[in-house]
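Readers should treat all values here as calculations from the given coordinates under stated rules, not as data from a laboratory. These numbers were taken from a predicted model, which means no experiment stands behind them. So basically every Cβ, Gly included, is an ideal-geometry build from the backbone, and we count neighbours across all protein chains shown.
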Amino acid sequence: MSDDWRASPFKRFQVAAIAALAYPLINALGYTLRWRVEGLHHLAAIRASGRQPVMAFWHGRILTATFYFRRRGIVVITSENFDGEWIARIIERFGYGTARGSTSRGARKAMLQLVRAMREGKPAGFTLDGPRGPAQVAQPGAVWLARTTGNPVLPFHVEASRHWSMRSWDRTQVPKPFSTVALVVGEPMSIPANAEDGELERWRVELEVRLRALEGKALELLND
């Protein structure tokens, strides 16, 4: 979908309608969920140190993550296209800020917006494999942002006991009402300010490894 959707009154209506319908549905679903949470002290420790987290997770868990971390002023990247617009309108109602752009278009502009937001004391959120995948392959943006701002990457994983999986590239997980959701937050990753660009690849791979381990812990938490 191209960026000229704004020229179409019907497309603008669609954006407004999708956002108006989706927000109350997601919100209502979220309040039925039961949560098992582990590792949230890592988030508290980052904030106690006077820094903010670069929160990092997989795109396929965006729905549950959006609900749990609502109203915290987290700034996230959303695309400037049709889909990005209705997504932005929904998450803004959940109390998120948006930096407009994507890994394919407007990436530099969006990343600079995130740098500015973090320097103003706001946390950032990254769907590491978004917006188009491949699934569970981390893009380098989160570690670059952490190096640039001096704020640590905070990886986490969310897993629902009962859910539907959408037929999308990321198999987006939609928890069923009244299911249990496990949220496991890992240890922060501090990226040295003097790390060379080549070193960022090592940190990117390390982030993937940690997220896979967190997925395993979340599944264990659901089975306890």
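Some observations on this one:
- Taking segment 3-223 and dividing mean pair separation by its residue count, relative contact order in percent (alpha carbons under 8 Å, at least six apart): 25
- Of all DSSP beta bridges in the chain, antiparallel share, percent nearest 5: 35
- Eligible aspartates and glutamates near LYS122 by straight Cα distance, threshold 20 Å, same-chain separation 8 or greater: GLU92, GLU187
- Residue among ALA28, HIS163, THR148 farthest towards the positive dipole end of segment 3-223, charges placed on Cβ: ALA28
- In straight-distance terms, cross-link reach from LYS109 covers every one of the aspartates and glutamates whose alpha-carbon lies under 13 Å from its own, apart from those fewer than eight places away in the same chain; here that gives GLU80.
- All other residues whose Cβ lies under 15 angstrom from that of ASP129 are scored, Lys and Arg at +1 and Asp and Glu at -1, for a net of +3.
- Choice from ALA193, ALA182, ALA88 with maximal GNM fluctuation in the chain (Cα, 10 Å cutoff): ALA193
- Helices assigned as whole DSSP H runs in the chain whose Cα atoms extend at least 30 Å along their own long axis and whose mean Kyte-Doolittle hydropathy is -1.0 or higher are found at 9-30, 197-223.
- Reported value for the chain: 118 Å³ per residue, from the convex hull of its C-alpha atoms.
- Normalised by 2.2 N^0.38 Å, where N is the number of residues, the alpha-carbon radius of gyration of segment 1-82 equals 1.42.
- Length added when fully stretched, TRP169-ALA45, from 0.36 nm per residue minus Cα-Cα: 41.2 nm
- Sorted largest first, extent of segment 105-176 alpha carbons per principal axis (Å): 39, 25, 17
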